[in-house]
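Asker: Got a structure here, written out as structure tokens. Questions coming.
The values are calculated or read from the model by the stated rules, or taken from the named source; none is laboratory data. Note that the structure is predicted; figures quoted are calculated from it, not measured. Note: ideal-geometry Cβ built from the backbone for every residue, glycine included; neighbour counts use all protein chains shown. The accessibility values were calculated without ligands, DNA or RNA, using every heavy atom of the protein model including side chains. Shrake-Rupley method; radii C 1.70, N 1.55, O 1.52, S 1.80 Å.
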Amino acid sequence: MPTVLTIRNIRVVNYSNDHPPPRVHALKPGGGRAKFELNCPGGPVRLVEYQDWRRPEIAEVGVEIADNISGICAEWRKIHG
């Protein structure tokens, strides 16, 4: 599960066995998880589901993913073709 972005202590990862559509998973210490659809190559990033996050916190993660969408989509293509 390659980390494609780190936001403080939050890891944004691609699962190597994932399937289209392109997406990433945000993981925070203590068990918070979220899934974002990327809509490569340029977004918009869409929050699909989340668990154990405060709403402002998950919104910030979405903005950071959107700000780095090009590189994250490139990583998705490297892993998934």
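Asker: Restricting to DSSP H runs of at least four residues, report the calculated mean residue ellipticity at 222 nm for the chain, -39500 (n - 2.57) per run over all residues, nearest 500 deg cm²/dmol. Provide the component values of the computation, followed by the final result.
Answerer: Details: 2 runs with 25 residues, N = 81.
The helix-only estimate for the chain comes to -9500 deg cm²/dmol at 222 nm.
Asker: Rounding to the nearest 20 debye, state how big the charge dipole of the chain is about its Cα centre with +1 on each Lys and Arg Cβ and -1 on each Asp and Glu Cβ.
Answerer: Working: 11 positive and 9 negative charges, 22 e Å.
Dipole of the chain, to the nearest 20 debye: 100 debye.
Asker: For the chain, give the percent of accessible area contributed by carbon and sulfur heavy atoms, probe 1.4 Å, rounded to a whole number. Could you put the intermediate results ahead of the total?
Answerer: Numbers: 2320 of 4640 Å².
On the chain, the fraction of accessible area on carbon and sulfur atoms equals 50 percent.
Asker: Moving to a separate point now. Using a 1.4 Å probe and ignoring any ligands, DNA or RNA, find the accessible area of V63 and quote it in Å² to the nearest 10.
Answerer: Here the accessible area works out near 80 Å².
Asker: Need one number: nm distance between label points at V63 and H19, each 7 Å from Cα along Cα→Cβ, rounded to one decimal.
Answerer: 3.5
Asker: Sort C40, C73 by heavy-atom solvent-accessible area, probe 1.4 angstrom, most to least. Let's see the in-between values first.
Answerer: Working: C40 45, C73 0 Å².
Putting C40, C73 in descending order of accessible area: C40, C73.
Asker: So, one more: Using the alpha-carbon atoms, what tilt in degrees (0 to 90, nearest 10) does helix 69-80 show relative to the longest principal axis of the chain?
Answerer: Result, in degrees: 60.
Asker: Okay, next question. Based on the alpha carbon coordinates of the chain, what radius of gyration and maximum Cα-Cα distance (Dmax) apply, in Å?
Answerer: 11.4, 34
Asker: Using the basic label-point model (7 angstrom from Cα toward the beta carbon), what is the E49 to I7 distance in nanometres?
Answerer: Going by the 7 Å Cα→Cβ label model, 2.0 nm.
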